[in-house]
Every structure is written in structure tokens, then in C-alpha cells.
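One structure is given here, and the rest of the page talks about it.
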Amino acid sequence: LWSQDELKALLKSAENKLVVIEFSAKWCGPCKRIYPLFHEMSVQYRNVLFASVDVDDARELAQIYHIKAMPTFQMFKQAQKVTLFSRIKRAICCYRSGSLSEPIFELCGTDAKKLEEKIRELM
């Protein structure tokens, strides 16, 4: 994915399916380690859409989605952000949905087991 329009189109086409987006970079060691597992999940979970965003190629997307660490996994359902995983454990942060703030929980993104558990829970 390269642009906000592409991402919006993907989310719209997904309808009720879970969408898992990986924000990463080619030079990022943890990203390289998790990628084969991420790819394996994309083969295993056919009813879930998986996409990758290279933060260096898509700086605008990385900024829009507040990517501060890599890899970061964001999940969407019906075009709404569900939850977010980052390799850096931080306190709950918030994103704006109109005037409401909803919590986004961040977990260790290189923990494939936690990622897969969340995918199973949300799909």
C-alpha cells in the first residue's frame, strides 16, 4: 500500500472481514524476523485481509496512522481501527473518532503468538 486512497479502498472492499496492516521498513531487523510469520498467517487465515506498508515508501500513511515504532500492526473491521500492536510497549494511547477518544492497546508486535491470538479473537 502506498496512499491513503489505496488504504481506504482496501478497507472498503474488506466489508466485514478483519484487515491486518503491518507498518514496517526494509532495514528494520524485527520487521524482517516477523515477516515470514506474518506471511504464514496470511496464507492460513483466508478470511482475513493482510497488507504491508513500508513506512519509507509511504511516509504520509505512517504519519496519518501515528507510526512511531516498527513493526506496528493495526487491525481494522468495517473500516474502523480495532486495535494496534507495536514492538514498543507503551501506555494506552488514544485516537480521535469525532469528539470521542477510544483506547488502542499496544502489544509487542514481534510476538507472533499474541498477534495470531488477536487475529483469531477479532475475525
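Going by the structure shown, is Lys89 modelled with pLDDT under 90, loosely packed, with under 12 Cβ neighbours inside 10 Å, more than 17 Å from Leu122 (Cα to Cα) and not aliphatic (A, V, I, L, M)? Yes.
Is the stretch 11-26 home to any residue that is part of a helix (DSSP H, G or I) and open to solvent by less than 50 Å² (accessible area, probe 1.4 Å)?
yes
The values are calculated or read from the model by the stated rules, or taken from the named source; none is laboratory data. Source: prediction; values computed, not measured. Note that we place each Cβ from the backbone using ideal geometry, even for glycine, and neighbour counts take in every protein chain shown. All accessible areas refer to the heavy atoms of the entire protein, side chains included, with ligands and DNA or RNA removed. Shrake-Rupley method; radii C 1.70, N 1.55, O 1.52, S 1.80 Å.
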